[in-house]
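Q: Got a structure for you, questions after.
What follows is calculated from the coordinates using simple rules that are stated; it is not laboratory data. Nothing here was measured: the structure is a model prediction, and the numbers come from that model. Heads up, the Cβs are rebuilt from the backbone with ideal geometry, glycines too, and the neighbour counts pull from every protein chain shown.
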Amino acid sequence: MNAMKNKVQLIGHVGNEPIIRDLDGGKKVANLSLATKDVFVNKSGDQKEQTQWHSVVAWGKTAEIIERFVEKGKQIGITGKLTSRSYDDKEGNKRYVTEVVVSELLLMK
């Protein structure tokens, strides 16, 4: 059943300056948003564009590469997996996050 594993591949533009944090032990983590665009024709025959925003997180060496070479507006390709988690915000409300955890990064022109 290897063909049914959790795998995501996206090509898009970085929507914000990546946030890089240094963790204990010297490991880095990078958080950014990635915009992908779908183009389709609606029932009226008009061409429409729809933008999807994806939360992306990268660890270790990949985060270091993002820190050095990735900025807002840059086109990148990523391969990773979807993860979901929850946390309590400052007001005590439960928040849910779905992210793409990067395993491979492709820097594009």
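Q: Give the long-range amide H neighbours of LYS74: residues separated by 5 or more places, or on another chain, with amide H under 5 Å away, using H modelled in the peptide plane at 1.01 Å from N.
A: VAL14
Q: How large is the charge dipole for the chain, taken about the Cα centre, if only the Cβ atoms of Lys, Arg (+1) and Asp, Glu (-1) carry charge, to the nearest 20 debye? Write down the numbers at each step before the final one.
A: On the way: 18 positive and 14 negative charges, 57 e Å.
Result for the chain is approximately 280 debye, rounded to the nearest 20.
Q: Which entry is the computed Rg and Dmax of the Cα atoms in Å for this structure: (1) 13.5, 41; (2) 16.2, 57; (3) 13.7, 44?
A: The calculated read-out lines up with (2).
Q: If I take R0 = 22 Å and measure r between the Cβ atoms of HIS13 and ARG95 in this structure, what FRET efficiency does the formula 1/(1 + (r/R0)^6) give, to the nearest 0.05?
A: 0.30
Q: Would you mind counting up the charge near ARG95? Only other residues with Cβ under 11 Å from its Cβ, with Lys and Arg at +1 and Asp and Glu at -1.
A: Every neighbour counted, the sum reads 0.
Q: I'd like the distance between the alpha-carbon centres of segment 78-98 and segment 31-76, rounded to an integer number of Å.
A: Their Cα centres are 19 Å away from one another.
Q: If packing is taken as the average number of other Cβ atoms within 10 Å across a peptide's residues, how do 55-65, 85-95 rank, most packed first?
A: Per-residue mean Cβ counts within 10 Å order the peptides as 55-65, 85-95.
Q: Okay, next question. Using R₀ = 22 Å, calculate the FRET efficiency as 1/(1 + (r/R₀)^6) where r is the Cβ-Cβ separation of ASP22 and ILE65; round to 0.05. Each step should come with its number before you reach the end.
A: Numbers: r = 15 Å, r/R0 = 0.69.
Efficiency computed from Cβ-Cβ geometry: 0.90.
Q: In segment 1-52, if the dipole is taken from +1 on Lys/Arg beta carbons and -1 on Asp/Glu beta carbons about the Cα centre, which of GLN47, ASN6, LEU34 is farthest to the positive end?
A: Highest projection toward the positive end goes to ASN6.
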